[in-house]
1. For segment 166-198, enumerate the residues that are outside any helix (DSSP H, G or I), among the polar types (S, T, N, Q) and closer than 21 Å to VAL135 by Cβ.
2. Quick check: anything in segment 75-89 under 20 Å from ALA232 (Cβ atoms) and part of a loop (DSSP other than H, G, I, E, B)?
3. Could you list, in sequence order, the residues of segment 240-276 that are aromatic (Phe, Trp, Tyr), in contact with a helix residue (DSSP H, G or I) (Cβ under 8 Å, 6 or more places away or on another chain) and assigned to a loop (DSSP other than H, G, I, E, B)?
4. Please state which one of LEU55, LEU11, LEU23 is at pLDDT 95 or above and either closer than 25 Å to GLY118 by Cα or of a type in the set (A, V, I, L, M) (or both).
5. Search segment 62-74 for residues being surrounded by fewer than 11 Cβ atoms within 10 Å (Cβ to Cβ) and of a type outside the set (Asp, Glu), and hand back the single one that is farthest from the chain's Cα centre (by Cα).
6. Please go through segment 176-223 and pick out each residue that is within 26 Å of ASN151 (Cα to Cα) and of a type in the set (Val, Ile, Thr).
7. So if I check each of VAL201, VAL218, which one is among the hydrophobic types (A, V, I, L, M, F, W, C), surrounded by 22 or more Cβ atoms within 10 Å (Cβ to Cβ) and at pLDDT 95 or above?
8. Looking only at segment 33-61, count how many residues are without any contact (Cβ under 8 Å) to a residue 60 or more places away in the chain, in a strand (DSSP E or B) and either surrounded by fewer than 16 Cβ atoms within 10 Å (Cβ to Cβ) or among the β-branched types (Val, Ile, Thr) (or both).
Amino acid sequence: MPFQLSRRATLMMGAVLPIASALGTTRAQAAAEMKGASTPIHYRFKLGEFEITALQAGTSVNEEPQKTFGLNVTPEEFAAASAAAFIPANRSQNFFTPTLVNTGKELVLFDAGISAAGTLAALTAAGYSAEQVDVVVITHMHGDHIGGLLNEGALTYPNARYVTGAIENNHWAGAGNENYDKVIRPIADRFTFLDDGGAAVSGVTAMSAFGHTPGHFVYNIESAGQRVVVTADLANHAVWSLANPDWEVRFDADKPAAAATRRKVLGMLATDKVPFIGYHLPFPALGFVEAAGNGFRHVPAGYQLMLNS
């Protein structure tokens, strides 16, 4: 049947078109202002009876990434791996992603970020206040994980108890480390210390992942048969660390041990198909891993965990 306009529609169009034409000739269209690049600063999903929120507490550009990653490979090998992954070899973006777990009984924060300001901004955007945090778990004691524990000298999370690994704490307590002495030592009496397999709260279990630091822990989070692992600084880049676990990383204290740990934990995640949150991976830092070649392939999460809602 051929398309036809009714007489009424034709008359209406005849009335509107001259008006539109007149407006177009008498009124200039103002240019929309540039907004600048933006990224979200929180991402929440359900895990069984828990809610998990990734918090983007900050981000920075690394201008010379091979001074941090791939110390034991040639510039040519580094550049080739980068090109194959569609990323530049001479610049990278680094993220700082604390993780918030609401168990329904306690609000648990994993790592405090590089500063109180960044973590609090993300926490507030996610709908929480610092006073609501019940437990702060420190995966390890590098400055970008403990820097946000204090805010202008006062406790950022005044109502929380604090948890970290015993080996990690003992190492830094005797190391004459400025960050430890400034941030941790004044509040050491608030901490409880875990060994491998210890529970920070019900459903949250510490797992040894030594090498990056002497007592670095990752944490298995489990609720109603669902799991996610907070891997902290196990693998800090999807290509230069995760895909190439034997590549040396500047900030790994024991580089052979760190490489062996990456292979062990990433192998477990791949075999069990468990999602993980990596502290320095592109936000929301949530994804999966599969064995690939002599390393692993990072698979960023899509909508899988949204289906838990």
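1. Residue satisfying the conditions is THR192 alone.
2. For segment 75-89, residues under 20 Å from ALA232 (Cβ atoms) and part of a loop (DSSP other than H, G, I, E, B): absent.
3. TRP247, the sole residue that qualifies.
4. LEU55
5. Among those residues, the one meeting the criterion is THR74.
6. VAL183, ILE184, ILE187, THR192, VAL201, THR213, VAL218
7. VAL218
8. Step one: list which residues in segment 33-61 are without any contact (Cβ under 8 Å) to a residue 60 or more places away in the chain, which gives 33-38, 51, 60-61.
Still in the list and also in a strand (DSSP E or B): 51, 60-61.
Among the residues that remain, those that are also either surrounded by fewer than 16 Cβ atoms within 10 Å (Cβ to Cβ) or among the β-branched types (Val, Ile, Thr) (or both) are: 60-61.
So the count comes out to 2.
The values are calculated or read from the model by the stated rules, or taken from the named source; none is laboratory data. None of the values given here were measured: they were computed from a predicted structure. All Cβ positions, even for glycine, are placed from backbone atoms using ideal geometry, and neighbour counts span all protein chains on display.
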